[in-house]
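Undergrad: I am attaching a structure below and will ask some questions about it afterwards.
Laboratory data are not the source of any read-out in this text; all were calculated from the coordinates shown. Here the structure is a predicted model, which means the values were calculated and not measured. Ideal geometry is used to build each Cβ from the backbone, glycine not excepted, and the neighbour counts take in all protein chains shown.
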Amino acid sequence: MSSQNKKKKKLTIIEAFSGIGSQHQALKNIGIDYDIVATIEWDMNAVFAYDIIHHGKQDVSELMSLTKDEIIDELIKLCISVNGKNPASRLSLNYYSLEALRSILSAFKRTNNLGSITQVKADYFPNDIDVLTYSFPCQNLSACGAWHGYMTGIDKIQKNQSNMIWEIGRILEEQKSLKKNLPKYLLMENVKNITYKVNLDNFEEWKKFLLNLGYINKTFELDALNFGVPQHRKRAFMISTLNDENEHSEKISSYLTSKKIKTIDDKLLLNYLKLDYTNAVYSKEAQTSNPNNTKSREKIFNENDLIYDGNKIKQPYIKTITTKQDRHPNSGVIVYDSLRKDKAQFRYLTPRECFLLMGFPESAFNALLDNNVKVKNDNNLLTIEKLYRLAGNSIVVNILEDIFNQIYQYI
């Protein structure tokens, strides 16, 4: 059969710890045929955002007959979380309006989200999966986590968030015991600290576990700067391929680690910053990201990178976007002439700018604002603080585009 007549394969994906769907966005961008057969995420804010970004405006008509208690019953079964840290209680969910709860349950259904990974069984998965992605929580691996005394890594005996990686192991073992085909590729992403000495023994244990299942592991550190994004964000990625795909793994690894961009043009960052304050939306967001004029905020201004001085870009890229900007250190500050005397003369990156710098289109961010739901009274489900957290916990889409392109070629 000629290459022209050969039917192209549909790439089947499961996104574990799916967040707002960087993987999904990357697959859309590169234009290949794919099917997200399931997602796994317990943070209901992330699931709602994922749904809106990738599926658009909701239709909750099929849920209108359900009472508030019935909706809460379904959400509790999924072991969801309202904050990404602890399981939601009936009391905490009861705080939310019926409208918000409908939207949250609708999001879980539309994204085929299986809820907390601790509740997921191997028989929930179809038999033929090409790629299983897992970007598990980094709290117990990151430098920020170490600052707060959370540096327990992925040690199996620790009861922490980062050892959720072993839930992936449990599911893979269950698949094998059920004589189901294992995913052809596993794609891991996390902070680069996972490869550092303090975590290396546990990481090697994880790789050995996968090796015993038949996977060949290739680990590499990738920086968003090398993929055309003006953000200095280094992350550890690992592609695990079944033994018969070893040649593919070598080629993919060689391609990705050869990506080098020596310079980032200053003008590139201007495409991501929203500095036109004649635009009412951008102006309002800038004001919201303009902190009070206090000693602690003065220190943030003096000790973090100056991105824009009011006239020109001062450096071609920003530091890593984290889950907060009103902190030290942060991604950088922008000179901003506030009209209020009690406000500092600078601002942080806005949530919109953070989403753009993570590789999401502006239309995705606008969709979140346009479809936000009221939790209670005038409070939105997706607050500014949550939008920052969703962006900071995400993966730079541009890197995933290259990875999926390579995997798709060889599959």
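Undergrad: Could you list which residues have their amide H under 5 Å from that of VAL375, counting only those 5 or more apart in sequence or on another chain, with H placed in the peptide plane?
TA: Amide H neighbours of VAL375: ASN380, LEU381.
Undergrad: For the peptides 389-396, 63-70, 320-327, 288-295, what is the packing order when you average, over each peptide's residues, the other Cβ atoms within 10 Å and list the highest mean first? Walk me through the numbers before you get to the answer.
TA: On the way: 389-396: 23.5, 63-70: 12.0, 320-327: 18.2, 288-295: 15.1.
Highest-to-lowest ranking by the protection proxy: 389-396, 320-327, 288-295, 63-70.
Undergrad: Compute the separation of the alpha-carbon centres of region 2-79 and region 393-411 and state it in Å as a whole number.
TA: Result: 18 Å between the Cα centres.
Undergrad: Report the charge-dipole magnitude of region 275-349 in Debye, nearest 20, computed about the Cα centre from +1 at each Lys and Arg Cβ and -1 at each Asp and Glu Cβ. Present the calculation step by step, with values, prior to reporting the outcome.
TA: Details: 13 positive and 9 negative charges, 39 e Å.
Magnitude of the dipole: close to 180 debye.
Undergrad: For the residue pair LYS260 and SER283, what label-to-label distance in nm results when each label sits 7 Å from Cα along the Cα-to-beta-carbon direction?
TA: It is 4.7 nm.
Undergrad: Once amide H atoms are placed 1.01 Å from N in the peptide plane, what residues at a sequence separation of 5 or more from VAL396, or on another chain, have their amide H within under 5 Å of its amide H?
TA: Those qualifying (amide H under 5 Å, at least 5 residues apart or on another chain) number zero.
Undergrad: With Cβ to Cβ distances under 12 Å as the rule, what net charge do the other residues near ILE20 carry (K, R +1; D, E -1)?
TA: Once all neighbours under 12 Å are counted, the net charge is -2.
Undergrad: Can you give the FRET efficiency to the nearest 0.05 for LYS179 and GLN315, using r as the Cβ-Cβ distance and R₀ = 51 Å? Numbers along the way, then the final one.
TA: Working: r = 55 Å, r/R0 = 1.08.
E(calc), rounded to 0.05, equals 0.40.
Undergrad: Once the convex hull of the C-alpha atoms of region 227-350 is built, how many Å³ does it hold per residue, rounded to a whole number? It would help to have the intermediate numbers written out before the result.
TA: Working: hull volume 16.3 nm³, N = 124.
Output value, Cα hull per residue: 132 Å³.
Undergrad: Also, quick follow-up: Mean residue ellipticity at 222 nm from the helices of the chain, using -39,500 (n - 2.57) per DSSP H segment of n ≥ 4 over the full residue count, to the nearest 500 deg cm²/dmol?
TA: Numbers: 16 runs with 158 residues, N = 411.
My calculation for the chain gives -11000 deg cm²/dmol from helical runs alone.
Undergrad: What order, most packed first, do the peptides 185-195, 71-81 have when packing is the mean number of other Cβ atoms within 10 Å of each residue?
TA: On the way: 185-195: 22.3, 71-81: 18.0.
My ranking of the peptides, most packed first, is 185-195, 71-81.
Undergrad: Mind checking the full-extension length gain between ASP123 and LEU306? Use 0.36 nm per residue of separation minus the Cα-Cα distance, one decimal, nm. Don't skip to the end; give the middle numbers.
TA: On the way: separation 183, 0.36 × 183 = 65.88 nm, distance 5.14 nm.
Stretched out fully, the ASP123 to LEU306 stretch lengthens by 60.7 nm.
Undergrad: Using the basic label-point model (7 angstrom from Cα toward the beta carbon), what is the LYS197 to GLU62 distance in nanometres?
TA: For the pair LYS197/GLU62, the computed spacing is 5.5 nm.
Undergrad: Within a 10 angstrom radius of the beta carbon, how do MET44, MET164, MET238 rank from fewest other beta carbons to most? Walk me through the numbers on the way to the answer.
TA: Details: MET44 28, MET164 19, MET238 22.
Fewest to most other Cβ atoms nearby, the residues stand as MET164, MET238, MET44.
Undergrad: Report the full-extension gain for the segment ASP326 to GLU298: residue separation times 0.36 nm, less the Cα-Cα distance, to one decimal in nm. Before the final figure, lay out each step's value.
TA: Working: separation 28, 0.36 × 28 = 10.08 nm, distance 1.14 nm.
Gain in length upon complete extension: 8.9 nm.
Undergrad: Shifting gears a bit: So what does log10 I(q)/I(0) come out to for region 214-285 at q = 0.11, 0.14, 0.20 Å⁻¹, using the Debye formula with one equal point on every Cα and no solvent?
TA: Computed log10 I(q)/I(0) values: -0.46, -0.61, -0.86.
Undergrad: Extending each Cα 7 Å along its Cβ direction at ASN29 and LYS208, get the distance between those two points in nm, one decimal.
TA: 3.8 nm
Undergrad: Moving on to the next point. Mind checking the full-extension length gain between GLU362 and ILE384? Use 0.36 nm per residue of separation minus the Cα-Cα distance, one decimal, nm.
TA: Difference between extended and current length: 6.3 nm.
Undergrad: To one decimal place, what Kirkwood hydrodynamic radius in Å is obtained for region 310-411 from all pairs of distinct Cα atoms? Intermediate results must be reported in sequence, preceding the final value.
TA: Numbers: mean 1/r = 0.0629 Å⁻¹.
Averaging 1/r across every pair of different Cα atoms and inverting gives 15.9 Å.
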